[in-house]
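Let me begin by presenting the structure, written as structure tokens, before commenting on it.
The values are calculated or read from the model by the stated rules, or taken from the named source; none is laboratory data. The structure presented is a predicted model; accordingly, all values stated were derived computationally and were not measured. When we count neighbours, we look across all protein chains shown, and the Cβ atoms used for this are built from the backbone with ideal geometry, even at glycine.
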Amino acid sequence: MKIRSLTAFEVPIALKTAIRHASYTRRNNDTLFVRCELTDGSVGWGEGLPRPYVTGESIGSVWRHLQATDFAQLADVCLVSPADAVRALTDLSLPDVPADPGITARECFGNSVRCALELALLDAVCQSADCSVSEVIRELPEAVELFAPREDVHYSGVITAATGLRQWRSPLKMKIFGFRHVKIKVGTPGIDDVISVGRARRILGKTVDLRLDANEAWNCDNVVQRIKALVSFNPACLEQPVPHSQVQGLADVKSSISTPIMLDESLCCKEDALRAIAAGTCDLFNLRISKCGGIIPCVRLAAMARQHGLGYQLGCQVGETGILSAAGRQFACNIGQIRYLEGSYDRFLVRRSVTKEDLTMRYRGRASRLTAPGLGITVDETIIQQTAVRKRSLIPG
């Protein structure tokens, strides 16, 4: 069995509301979808979300990667089992292409392309084999110490940067929804962090695990001062307090604060992880499926974190559709020791779903294991075909 056809689509995904943090205000996504059809008729779907301020990718660089890649390296692979797909994806080579003007490409450049290709191929191969992607995760050598299947998981809530009444409404909604873990954005210009975090803590109560995300808003000279103003609210951790260009300075900052530091924008690939471990710049990794290049790289990064005594969370990117939500669910329901879990905000954020299943989390953030073959979802191809603004055949059918 081989790949019969591989097709890429660019689809604008509108959000129900603008999502604001220190680095960006987002109202929509330029989403990459990949459709993989095998010679036995099995069809799989993948999704990738390029982020210039995270991995250096834009939707433009995504298409440059797709146009320049020799997909014969995938077309020629004989897919006897899902393990063959894992090997093909591990060996997949993307060419060097330029980033957009003014953007610096990093080692993780191309990760959204890798993610969309990985998910599409794994989804198709596992459907052909009548097994779940969870079987692929279980068989990864790096997952030996991490594999811990469970039937349901609990996602956390996120309070985005806001002013006025929304500073009251957002934490109140988190409380009513029963979230056990909540993240609040800090460092946004025009918003007083002491007031907003203090208000959130009072509304949520003392028992909710409240963590902070600065999205690179601070610098190594003022992190200690900024976090000391917030320690009375008992933050569980501080995510990406400084820009990636200053991340090495966090090694000195860590010795001056008691709040654990999590890397996000500075943790996108193996090279980032190795630098963080060697320099001692963080206590936790924020893994995100698209940002890190797919499920397989996320498992490998989680294994690295565990090996070196660090924690990790599974995060998500704003505006993920049901495909990336399903990928995150497969990871979350099979990998143990996840400190925090973000994702499955589908119906809360995205105006139009591309999956027939509703993957939105339920009360208290609860969500169940997906048991159908592949990623466990059914993609509505008509929506993608009708709303795509660009399409390219990568492997002609």
Positions within region 206-233 being crowded, with 23+ Cβ neighbours inside 10 Å and either over 27 Å from residue 53 (Cα atoms) or of a type in the set (Phe, Trp, Tyr) (or both), in sequence order: 218
Number of positions in region 338-390 that are surrounded by 14 or more Cβ atoms within 10 Å (Cβ to Cβ), at pLDDT below 95 and basic (Lys, Arg): 1
Among (1) among the hydroxyl-bearing types (Ser, Thr, Tyr); (2) touching a Cys at 6+ places or on another chain (Cβ under 9 Å); (3) more than 19 Å from residue 181 (Cα to Cα) - the single one residue 325 does not satisfy: (3)
Some residue of region 139-160 being in contact (Cβ under 8 Å) with a residue 40 or more places away in the chain, under 20 Å from residue 233 (Cβ atoms) and assigned to a loop (DSSP other than H, G, I, E, B): yes
Residue ranges of strands (runs of 3 or more DSSP E) in region 307-395 with at least 2 members in contact with a Leu (Cβ under 6 Å, 6 or more places away or on another chain): 311-314, 390-395
Sole exception among (1) among the hydroxyl-bearing types (Ser, Thr, Tyr); (2) under 24 Å from residue 314 (Cα atoms); (3) modelled with pLDDT under 95 for residue 207, by number: (3)
Restricting region 53-69 to residues that are β-branched (Val, Ile, Thr) and part of a loop (DSSP other than H, G, I, E, B), the residue that is surrounded by the most Cβ atoms within 10 Å (Cβ to Cβ): 55
Cross-chain or 6+ apart pairs with Cβ under 8 Å, region 221-236 first and closer than 15 Å to residue 211 by Cβ, then at pLDDT 95 or above and basic (Lys, Arg): 233/201; 234/201; 234/206; 235/211; 236/211
Test result for residue 47, farther than 19 Å from residue 99 by Cβ and at pLDDT 95 or above: yes
Matching residues in region 118-129 - criterion: being out of contact with any strand residue (DSSP E or B) (no Cβ under 6 Å at 6 or more places or on another chain) and among the aliphatic types (A, V, I, L, M): 122, 125, 129
Top-ranked residue of region 70-94 - restricted to ones that are in a helix (DSSP H, G or I) and more than 26 Å from the chain's Cα centre (by Cα), ranked as surrounded by the most Cβ atoms within 10 Å (Cβ to Cβ): 75
Helices (runs of 4 or more DSSP H) (entirely within region 177-279) containing at least 1 residues that are under 22 Å from the mean Cα position of the chain (by Cα) and of a type in the set (Lys, Arg): 270-279
